[in-house]
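Below is one structure, written out as C-alpha cells; the observations come after it.
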Amino acid sequence: MQRNVIKQIKSHQKLFDEMLTRFDISAKDLAEAANISEAMLSRFRRGKADLGTTKFLTKLVTVPDEAKAWYVSQLLGAKPKV
C-alpha cells in the first residue's frame, strides 16, 4: 500500500509540472503567489520534495481555472473538460 501512495505522489508532482508547462504558467510567479521559494517549487516539480497540504492547495488555487480543471481531471483519471 505504501508503494501505491508513493507512486500517486510522484504522479501528482509530475502532473503538476506538466500543468505548468502545458498552460505556460510561470514557476516564478506561482512560487511568489503561493509564498514559497522557487527552489522549493522546483524540487516539488521534480519529485525531490513534497509540500504540505496547505502549501500545495495554496499553489493550486493560484493557477488559472482552466489549468486547475485539467490538473484535477488528469489526477482523477477523467478526460479534461477544458
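What the table below lists for this structure:
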| item | result |
| --- | --- |
| Mean accessible surface per residue for region 22-82, computed with a 1.4 Å probe while every protein chain stays in place, in Å² | 66 |
| Residue-wise HN-Hα coupling along region 57-70, computed from phi with Karplus coefficients 6.51, -1.76, 1.60 (Hz; x: Gly, Pro) | 5, 4, 5, 5, 6, 8, 7, x, 4, 4, 5, 4, 4, 4 |
| Gain upon complete extension [residue 42, residue 28; 0.36 nm per residue less C-alpha separation] | 4.1 nm |
| Under 14 Å from residue 14, Cα to Cα: aspartates and glutamates that are on another chain or at least 8 residues apart | 50 |
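The values are calculated or read from the model by the stated rules, or taken from the named source; none is laboratory data. Everything quoted here is computed from the prediction, not taken from an experiment. Please note that ligands, DNA and RNA were not included when accessible areas were found on the heavy atoms of the full protein model with its side chains. Shrake-Rupley method; radii C 1.70, N 1.55, O 1.52, S 1.80 Å.
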